[in-house]
Every structure is written in structure tokens, then in C-alpha cells.
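Taking it in order: structure first as C-alpha cells, then the write-up.
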Amino acid sequence: MKKWKYLMVTSMATSALLLGACGADQKASNSSSETSTSAQSEEQLQGKVAGDGSSTVSPIMEAIVEEYAATQPKVQVSVGVSGTGGGFEKFINGETDFSNASRPVKEEEAAKLKEKGIDYTEFEIAYDGISIVVNKDNNWIEDVTVKELEEIWVDNGKKKKWSDINKDWPDEEIKFYSPGTDSGTYDYFVNDVLEEQQLDKSATLSEDDNVLVTGVESDKNAIGYFGFAYYEANKDKLKVVKIDGVEPTHDTIQSGDYTPLSRPLFVYANNKALEEPAMYNFMEYALENAGAMAESVGYVKSPDNVYEEDKKKLEEFKK
Amino acid sequence: MAYINHEVVERQMTKRRVKNTVFKNIFLGATLLALLALVILLYRMITQGAGYVSFDFLQNFSSRFPEKAGVFAGLVGSLAMLAVVAPVSLLLGVGAAIYLEEYAKKSKLTTFIQMNISNLAGVPSIVFGLLGLTIFVRMLGMGKSILAAGLTMSLLILPVIIVAAQEAIRSVPGSLREASYGMGATKWQTIRKVVLPAAIPGVLTGSILALSRAIGETAPLVVIGIPVIVQFLPAGVLSEFTALPMLIFDWAKRPQEEFQYVAAAGILVLMVLLIFMNSIAVFIRNKFQNRY
């Protein structure tokens, strides 16, 4: 009898302590932040900034947030990774202050934003080159034209063999690996290469790009595509395909020679949120460092004038 | 004249013995296969992740550099979520179990409720995530907070706790209740002083196992949209946070191979936490059970 009472009391006390600790934490952090702001009033902001969106952009954002936390420890930036589409859904709902996107905002998304009365600003923060990859043992495909690429990937209602595209290629079935429909990479590919036609329905879709890497790596007849950073990290396991004679490299993506698969990466910011000092400060920091951070995580920085234009757009919200 | 034909008996004995050995080996194989899977899993996690587990790993926030990445925000976030889940799910779960076992009359309605609770225990966790997103995050405006995630997880494990608590309460011998009534105790006195103390080991064992599930679940958190890139600790139940499984999920998706090892290290931390919680459950069961 006593034992269980003792147990109940301890468990209740523990949970009370735990809860209490949470509450105390809050008070403590609040008061300490007040003192620290008054002590070093210069530029020490506090506030909350929430973002979500593309998994392609998230490595760049993580680098920015990581560095930013060191300069403004009282500004709490949290970023989710729900994919470009999932991110916009939350952005439309007013749940986030900014949304990362690996494609421009879609018309229907823009319409919904307008309906909800959310004004936003588009910032371009880096470049990515969607890389087309095949298996290492694939010795017949070096270079494709955009037209061939479209023929390979478009759904024609039956199973496709390599020889259907080009007679010199083997008489074997093509296996497709593509990012999932929630990703901006998928949208961009379907939009710019397939011109809104249906992507081959037999394709394996995955939100996890490592699944695509493994898939292509283990099947001789496989073809896949994903962001440049994933190709860079798996260079020795995969073979990249040239598009109209251009291989995706840092330089060809930056110069725009690698077309049409070079694409800009965006951050969409809620205009109302930009009027908050913490959010403004964070975006300012983000745009200043986006180029360098993008390079450090395997992407390509945009030309300098892009960032200058971004900053001009941002400055309109300065108070 | 022999009453027992030894030859026939011998033949049938051998047959039955062979059958016995065959089945014994089949079941041994089943056990070994399950064990083997566990050993392979543990081996892979430990060989991949052990190098990354260190004191710094527990103290650092996530990072773009695999060697600097850590689980601090996730660990604190998961524990904070547990601090919401534990009281909410225990109070509601044990309360519901007491009502269903002690007060409710056996009617069609209670059978219906009972059936639904059992069914709820089998609902995929992602469905609870959608429920949490609609009700807690959006309708009640809690945002992607510890409270919203904690309440969602509470709903997820509630059916399990109710069923476990019901089992425990049911296994309290009727003679104890009758003795209590015989002494003139009221129903509430009986429940509080006789039934609950006898049932508590079973209730707690079931609950702790359910809480371990809440710590390890990922799908509801993904649906709610719990952020991954978080460089701060939660400051209260309404603060945004990240959780251990979310960090592991994020690391496993990274392009750089080193992050696979960081993910493995994260899994090790999560597993140690789970083993710790489960051993508390085992401890409670061994210490307090079989007193009647």
C-alpha cells in the first residue's frame, strides 16, 4: 500500500517538476533576454521566425540559420522540410513567415494567397542544376537532346525500351526514378522538359532522393533525376548525362549554359512578417550570405546582381 | 499374452517424437530469426553510429557539418513533449478505464465504446497526425508547438493505455472488492484504496510502453509539420520545437554519406532512451506485481 503511494507521489512530483521546469525556463529566458537586450541594446533583437518548404533549399537554409543563430541568439528561427508544395500550403494558411521553393509559385497558389490577402515577395537565393543520371554500366548514353529526354520520360501508355528512343540503344526496358509529386524538382521537370505532359507512370517516385540514388545505382537500365547536390555527393556511384552536349557542373549551371535544367531557388517572404524587425533582420542576413552558404553545401550561387536586386526589394520594408 | 504391443507403441512413439522435434525446431527458428533481425539492426547502427556519439553530440544543435551535428534540440524537444503526453494520457486513459470497468453498466452502448477503443488502437499513426493538424494546430491555433504535438501523441496512445489499464483493473480479484464493500466502504473508496493500488503495476507497465511509442513515432510529427532546422531550445509548452525522430528522418535524407552515420548515431540515442524507459516498465512490473 505504502509503496504504490510512494510511487504515485514520486511520479507526480517528477511530472510536476518537469512541467515546472518548462515554465521556469520560459520565465528565466524571458527575463534574461530582457536584461541582455538592455545591456547590449545594439542590434540584439528577439522574436520568432517560422519557415517551411523545399527539401532542395533546406541545406542552404540550415547553413544560414546555423550561422544566424550565432549572431542573433534571441531570434528563434525554425524551418520545416515539407517540400515546396507542402511549404506553400502552410504559407497560404498564414502559418509560416517564409517559404522555401525550388520552383516559382504556381498560379493556383498565387490565387489562393491573394484570396487570403497574403502579400509576398520573391527572393532568388541560389542556382541548382537538375542532373539526369544513369547507371555506371550504362555505356550507350552520353549526351541527349531535350527532345530525346522528353521522349524518354513522357508517358505513352506502354512500356518503353531504350531502343524505342534510339535504334543504337539496347532492346531493354527503361526503369524510371523520379522525385515525388510534392517536390518542386518534379514540378520543374514536368513543366520545363515535358511541358505538362504526364511523366511515365511506371516511374518510382520518392520524396527521399537517396532512394533514387540507390535505385539508379543498382539497375543498369535505370534513369533518374534530382538536384545537383545529390549528384555531387554521389559522383563516384552514378554517371551524369549531358544535355545538348553540356554537362552539369558548377560553371555551366552558373553561366546558364546548362539549359533548360538550371533553375533558380527561391524564398518567398510574407510582406507583413517582413515589417517585424526580427524577420527583416533574418532575411537581410540570409540574402547577404545565401551565395556563400549555397556554395558551401553543394549548390551554385546566383550572379551578384540577383542578390543586389533582392536586397533592393527587401529594403522597401525597412522601417 | 501381452496387454501392450511394444512394437506398435514403439512405432507410434517414434512418429510422435519426430513430430515433436520438427515443431520444436520450427519454433526455435522463428525465435532465432526475430533475434537475428534485431542483432543485425543493432550491429549496423552501432558500427555506423558509434563513432559519432559523444558528449558533444548530445550537446550540439544540428549542423550542416556532419561532425558538428548533434541532437540537443531534438532530445530536449522529445522529453518536453513527453512531459505533456505523460500526464494527459495517464489521467484520461486511467480515468476512462476506471469508468468502463467499475461504473459503466454492460449495455450495447458500452460494448460499442469498447469496440471502438480497440479499433482506435489499430488506426495508423498518420491519421492521428492529420487529426492533430486539423484540430490542435489549426482549429485551436496552437501552432506547431509542444502542446499540439503532445496532445496529438496523447490521443495516439490513449487507446493502448485504456486497454492496458482495463486489463489491470479487471485482474484485481473480486474478493478484494467484496471485502471492501463488506467493511462499509463506498464505491469511490474501494476504487481509490483497493482497486487502484492493486492495479497500479499493470497500469504503469502498459503506460510506459505506450509512452515509449509516443517518443519514437515520426509520422504524426511530419504531418503536423514540426520543423527540423531549429537552433534553440523550447521555452514553454507553446514554443516550437523539434523531436529526435524528425532529426533522424532529416539526416537520413541528406545527400552526404556522413549524415547517414549521424542518423545512425541519432537512432542510438533514441534507442538508449527507449531501452531506459522499457527497463523502468520491467522494473515496476517485477517489483510490484504478484502481491495477491
**Study point:** Among A:154, A:79, A:296 - extreme Cα towards positive end, dipole of the protein assembly as shown, charges at beta-carbon
**Key:** A:79
Exercise for review: In debye, nearest 20, what is the charge dipole magnitude of the stretch B:55-288 about its Cα centre with +1 on Lys and Arg Cβ and -1 on Asp and Glu Cβ, if you could check?
Suggested key: 780
Practice item. With springs connecting C-alpha atoms under 10 Å apart, model chain B as a Gaussian network and identify which of B:174, B:143, B:93 has the largest mean-square fluctuation. Key: B:174
Review point. Net charge near residue B:169, counting Lys/Arg +1 and Asp/Glu -1 over other residues with Cβ under 12 Å of its Cβ?
Key: -1
Exercise for review: Can you send over the solvent-accessible area of residue B:279, 1.4 Å probe, protein chains only, in Å² to the nearest 10?
Suggested key: 60
Practice item. For the stretch B:165-234 and the stretch A:256-292, write down the distance between their C-alpha centroids in whole Å. Key: 49
**Study point:** chain A: angle of helix A:83-92 to the longest principal axis, Cα-based, in degrees nearest 10
**Key:** 50
Point to revise | Surface/4 estimate of mean projected area, convex hull on alpha-carbon atoms of chain A, nm² | key: 23.2
Review point. What is the dipole size for the stretch B:6-52, taken about its Cα centre, with +1 at each Lys and Arg Cβ and -1 at each Asp and Glu Cβ, in debye to the nearest 20?
Key: 160
**Study point:** Selection from B:214, B:202, B:226, by position along the positive dipole direction of the stretch B:161-267 (Cβ)
**Key:** B:202
Practice item. Decide, for the protein assembly as shown, between rounded, prolate and oblate: order the square roots of the alpha carbon gyration tensor eigenvalues as a ≥ b ≥ c, take rounded if a/c falls under 1.5, and otherwise choose prolate if a/b is larger than b/c, else oblate. Key: oblate
Point to revise | Which listed pairs, of A:112/B:68; A:160/A:239; A:239/A:313, have C-alpha distances above 31 Å, in listed order | key: A:112/B:68; A:239/A:313
Review point. Pick from A:71, A:185, A:56: which is most flexible by mean-square fluctuation in a GNM of chain A where alpha carbon atoms under 10 Å apart are linked?
Key: A:71
Practice item. With springs only between Cα atoms under 10 Å apart, run a GNM on chain A and tell me which of A:265, A:287, A:45 wobbles the most. Key: A:45
Exercise for review: Using a/c under 1.5 as the rounded threshold, could you call the stretch B:129-220 rounded, prolate or oblate? The axes a ≥ b ≥ c are square roots of the C-alpha gyration tensor eigenvalues, and prolate needs a/b larger than b/c, oblate otherwise.
Suggested key: prolate
Study note, to complete from the structure: Cα extents of the stretch A:131-260 along the principal axes, largest first, in whole Å, come to 37, 31, 26
Review point. Nearest 20 debye, what's the magnitude of the dipole of the stretch B:132-215 about its Cα centre given +1 on Lys and Arg Cβ and -1 on Asp and Glu Cβ?
Key: 160
Study note, to complete from the structure: Expressed as a whole number, the average count of other chain Cβ atoms within 10 Å around the Cβ atoms of B:221-227 is 5
Review point. For the charge dipole of the protein assembly as shown, defined by +1 on Lys and Arg C-beta atoms and -1 on Asp and Glu C-beta atoms about the Cα centroid, which residue among A:63, B:109, A:121 has the Cα displaced farthest towards the positive pole?
Key: B:109
Point to revise | Mean shadow area of chain B over all directions, Cα convex hull, nm² | key: 24.9
Review point. How large is log10 I(q)/I(0) at q = 0.16 Å⁻¹ when the Debye formula is applied to the Cα atoms of the stretch B:69-166, each weighted equally and without solvent?
Key: -0.75
Review point. Against the longest alpha carbon principal axis of chain A, how many degrees, from 0 to 90 and to the nearest 10, is the axis of helix A:58-71 turned?
Key: 30
Revision key, fill the gap. The stretch B:6-52, convex hull of Cα, quarter of hull surface, nm² -> 3.5
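The values are calculated or read from the model by the stated rules, or taken from the named source; none is laboratory data. This is a predicted model, so every value here is computed, not measured. Quick reminder, even Gly has a Cβ in these numbers, built from the backbone with ideal geometry, and neighbours come from all protein chains shown. Heads up: the accessible areas ignore ligands, DNA and RNA and are worked out on the full protein's heavy atoms, side chains in. Shrake-Rupley method; radii C 1.70, N 1.55, O 1.52, S 1.80 Å.
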